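Remarks on the structure that follows.
The values are calculated or read from the model by the stated rules, or taken from the named source; none is laboratory data. Since the structure is predicted, the reported quantities are computational estimates derived from the model, not experimental observations. FYI the Cβ positions are ideal-geometry reconstructions off the backbone, even for glycines, and counts take in every protein chain you see. We work out accessible area using only protein heavy atoms, side chains counted, and drop any ligands, DNA or RNA first. Shrake-Rupley method; radii C 1.70, N 1.55, O 1.52, S 1.80 Å.
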Amino acid sequence: MWKLNTDMKNFIEEVTWRGMLHDVMPGTEEHLMEQMRVAYVGIDPTADSLHIGHLVGVMLLKHFQLSGHKPLALVGGATGMIGDPSGKSNERNLLDEATLRHNQEAIKGQLARFLDFTSDAPNAAELVNNYDWMKEFSFLDFIRDVGKHITVNYMMAKDSVKKRLTGETSEGMSFTEFTYQLVQGYDFLHLYRAKKCTLQMGGSDQWGNITTGTELVRRIEGGKAYALTCPLITKADGTKFGKSEGGNIWLDAERTSPYKFYQYWLNTSDVDAEKYIKIFTFLDKETIEKLIAEHNEAPHLRVLQKRLAEEITIMVHSAADLENAIAASSAFFSPSMEELKKLDEKTFLEVFDGVPQAEIAMTDLNEGLDMIAALAAKTNFLASNSDARRELKQNSISLNKEKVGEDRIITKEDLINNQFLLLQKGKKNYYVIRVK
């Protein structure tokens, strides 16, 4: 009978109520409650930044560490050179070592915002790269020491393989990809030997690859290893989680600005926000239940979305970035110019992303630009001079959030950040003039 270690938090209970548990090998909970254990999650290093699709695995590692255990983040330098067939319909491009090393360092910097790598605690996190133990492994050694222990029948039975071989649009799969589960399985075996790692965690599509590792540990070492997977994150409307019109939502501020990052979470649906706040924050159960109750009483206030966006933006970026993102968000709806004037060029353009734009020369403002020209001839915001006159007489045109008439002359003093003018017809029709 296993004994409870009172220094441990129950990791399985924690991830279960958060909706982060899809499947787990029997005996895992008891194994984790006996003493400090070591677990790893593999991270694909095909870019020099993580995106929010990686965050579930990272959060699993953090909860594991908070529960008193030791997390390993494995950067798949070797497996990144092959390509995991799981959930993919064709083979991906392979990377060279220099690129992979660069990506590894960038990813470690991002992981350090979540995981404690630097303390002297026994459960301090470690970053490992499977290229370090695979690079000297010859093909002959691998098929002799690893390959002989797993049958082709066993490998063919994996869903990741079957789907690629039987799909209607399938182009088959290369031998390189077919061997992926053996390489990943060997990672688990190596970490079992070198780091006493007994648990691998990943997305639900990784179950087959993970259990190949547990099988290698059993067959070669006579040991017991465990597997745990989390659900693949979905959105209530059926669109893909982690994607926007511009592509992936990255953790790197240069790829996805803190403003756009904040906006992504702020714009989640009520159903998704209730699910995501459990997965992507470290708020406790009581706090989350209160937030959900508060949100349900007044959904229009979007309490859940705001708290979710705040928590995760601070975690990935900083409190200052959050403040800037909130300021930028309010600037769009603010009736005055004060908030807009605080925005730098990049953030201003992001706030008005998708708003029609035109460019005019700075010389047009030297002697003053009349409103009719600004609305029609110079920008085509309105179709004609007569349309411009009519809208101005109806008092429906604003310049930089202030109502203007036909007699208003635009000068350099009106420029926002010395280069922008903001026109508005009614409440919702915006137009940006960029002056160069």
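Remarks
- Residue satisfying all of: in segment 423-433; under 32 Å from the mean Cα position of the chain (by Cα) and part of a strand (DSSP E or B); farthest from GLU359 (Cα to Cα) among these: ASN429
- Any hit, segment 349-363, residues being open to solvent by 80 Å² or more (accessible area, probe 1.4 Å), without any contact (Cβ under 8 Å) to a residue 40 or more places away in the chain and farther than 28 Å from PRO258 by Cβ: yes
- Long-range neighbours under 6 Å by Cβ, at least six apart or interchain, first residue within 23 Å of LYS285 (Cα to Cα) within segment 298-325, second of a type in the set (Phe, Trp, Tyr) and not in a helix (DSSP H, G or I): ILE312/PHE280
- Extreme residue, modelled with the highest pLDDT, among residues of segment 14-50 that are under 24 Å from LYS278 (Cβ atoms), open to solvent by 40 Å² or more (accessible area, probe 1.4 Å) and touching an Asp or Glu at 6+ places or on another chain (Cβ under 9 Å): GLU29
- Residues in segment 378-422 that are in a strand (DSSP E or B) and either at pLDDT 90 or above or open to solvent by 20 Å² or more (accessible area, probe 1.4 Å) (or both): ILE397, SER398, LEU399, GLU402, LYS403, ILE409, ILE410, PHE420, LEU421, LEU422.
- In segment 331-348, residue nearest to LYS403 (Cα to Cα) [restricted to those that are surrounded by 11 or more Cβ atoms within 10 Å (Cβ to Cβ) and among the basic types (Lys, Arg)]: LYS341
- For segment 423-436, the candidate set comprises residues that are surrounded by fewer than 19 Cβ atoms within 10 Å (Cβ to Cβ) and within 15 Å of LEU369 (Cα to Cα); within that set, the residue that is modelled with the highest pLDDT is ARG434.
- Annotation: of all residues in segment 294-308 being within 16 Å of VAL271 (Cβ to Cβ) and of a type in the set (A, V, I, L, M, F, W, C), the one that is surrounded by the fewest Cβ atoms within 10 Å (Cβ to Cβ) is VAL303.
- Scanning segment 16-73 for residues that are touching a residue at least 40 places away in the same chain (Cβ under 8 Å) and either of a type in the set (Ser, Thr, Tyr) or not assigned by the TED database to the domain that holds GLY223 (or both) yields THR28, TYR40, THR46, SER49, SER67.
- Residue in segment 324-347 that is outside the structural domain of TYR264 (by the TED database) and over 43 Å from the mean Cα position of the chain (by Cα) present: no
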